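Here is the structure we will look at.
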Amino acid sequence: MAVMFERLPTVPTSQELVDRAFRRSTRAASSRKKDEAMLMTAGNILSDNLTNLVRKYPSFVNIPPFYYDLADAVVGVDEMRIHLSRVSWAAAQIRTITKEHLAEMKGAKDKPSVRRASFGRMASVMKSIEKDLLFLNDARQKLRFMPTVDPDLPTIIVAGYPNVGKSSFMTAVTGARPEIASYPFTTKGVGVGHFTRGHQRYQVVDTPGLLDRPLCERNEIELQAIAALRHLRGVVLYILDPSEHCGFSLEEQLRLLEDIQPWLRLPVLVVANKVDIAPYDGIGMTMSTLSGTGVAEVLDRMVEILEEEEGRTKE
C-alpha cells in the first residue's frame, strides 16, 4: 500500500470524541479548581485530537502526481480538503470556547454552570462536524488500500482483454505470482510484480477492471484511475490474442487498443500471444506465454523502450 496513506489513523465519530473528552475531564474533578481543570481537560482533548487528525493526512501538495490522481479519483482531493478545513475550524473554535469560559470562570460565583455551558458549546461544535469525520474515516479506508505501485520505478503496464495472457506474462517475467489486491477504483484485483536487470529494478502492473474494456463503458472514477497511469515512468504492453480463444474478436481487441492509447499517452508495444495456437504475422512481435517462446525477447524490447524513454527525459 502507499506509504503516505497506510498510517492514516482511524477517525472517531464526533460522539466518541465528546464522550472521551468529558469522561477524562471527570478525573480532574478532585483538584482544588475542579471546574477549571475539567474545562481545560475537555477542551484540550478535543482540540488536540482534531488538530492531530488533520496533521496526519497528507497535504496533497508534494505527493507524486500518480498518487494525487488516484486519490482524487477515489475520494476527491478538493472535497477532502474542505472536510479537513472544517475539522481544523472546529479545533480552533473549541480552543476559543475553552479560553473564553476559563476567563469567565475567574469572576463567576457559579462555576459549574459556566463549565456546563462550555461543554454544551463544545458538543455543538463537534456535532456540526459529524459528517466531516464520517467522510474522513471512509476516505481513510479507501486510501489505505491504494496500490503498491512505485511511481519512481520503470514500469511495464500490461493491457488487453481478459484471458489474452496478461497474468501468465507477469508470472513468466517476475518469476513468481504477482501480488494481487483489490482497490477502490476497480472491482477486480490489480497485479504487481517485479524483476531486476543489472542494478535496476522494474515493476510490472496488470490492471484488470481498468484496461480490459472500452472507455465508453467506464465510470468517472475508473477514467481518472486510468489517467493516473500516465504519470508512471512506464511503457504499455498491449497483448493481442489472434486465436480469439479469449472470447473476443481480433477486431474488438484492436479497437480497444485504439481506445486507450490517447488516454495513456505512453509508449505502446503491441504483441500477439498464443501464436503456438494461431500463428499471426500481422504484427512485429509474437510470443507464447504457455510455451515461453518469444517472452524473453518481448521483455528485452520493453526494457529497451524504458531505457530510451529515460534517455529522452534526461536530455
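Summary of computed values
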{"read-out": "Condition broken by Ser88, with the remaining ones in (1) crowded, with 19+ Cβ neighbours inside 10 Å; (2) without any contact (Cβ under 8 Å) to a residue 40 or more places away in the chain; (3) hydroxyl-bearing (Ser, Thr, Tyr) satisfied", "value": "(1)"}
{"read-out": "Count - residues of the range 257-280 that are among the β-branched types (Val, Ile, Thr), within 26 Å of the chain's Cα centre (by Cα) and crowded, with 18+ Cβ neighbours inside 10 Å", "value": "1"}
{"read-out": "Unmet requirement for Ile260, which otherwise passes all of (1) modelled with pLDDT of 90 or more; (2) under 25 Å from Asp150 (Cβ atoms)", "value": "(1)"}
{"read-out": "Val164 being surrounded by 15 or more Cβ atoms within 10 Å (Cβ to Cβ), farther than 30 Å from Phe248 by Cα and in contact with a helix residue (DSSP H, G or I) (Cβ under 8 Å, 6 or more places away or on another chain)", "value": "no"}
{"read-out": "One residue from Leu211, Leu254 being at pLDDT below 95 and buried (at least 20 other Cβ atoms within 10 Å of the Cβ)", "value": "Leu211"}
{"read-out": "Qualifying residue in the range 59-69 (condition: buried (at least 16 other Cβ atoms within 10 Å of the Cβ) and over 30 Å from Phe195 (Cβ atoms))", "value": "yes"}
{"read-out": "Test: Gly247 is more than 25 Å from Cys216 (Cβ to Cβ) and surrounded by fewer than 20 Cβ atoms within 10 Å (Cβ to Cβ)", "value": "no"}
{"read-out": "Inter-residue pairs, beta-carbon under 6 Å, first in the same structural domain as Thr286 (by TED's automatic domain parsing) and in the range 160-174, second buried (at least 20 other Cβ atoms within 10 Å of the Cβ) and of a type in the set (Phe, Trp, Tyr), 6+ apart", "value": "Gly160/Tyr238; Tyr161/Phe248"}
{"read-out": "Pair list, Cβ < 8 Å and 6+ apart or interchain, from the range 219-243 residues that are surrounded by fewer than 18 Cβ atoms within 10 Å (Cβ to Cβ) to residues that are among the basic types (Lys, Arg)", "value": "Arg230/Arg265; Ser243/Lys274"}
{"read-out": "Meets criteria (without any contact (Cβ under 8 Å) to a residue 40 or more places away in the chain and more than 30 Å from Leu143 (Cβ to Cβ)) for Thr289", "value": "no"}
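The values are calculated or read from the model by the stated rules, or taken from the named source; none is laboratory data. Since this is a predicted model, take the numbers as computed values, not measurements. FYI the Cβ positions are ideal-geometry reconstructions off the backbone, even for glycines, and counts take in every protein chain you see.
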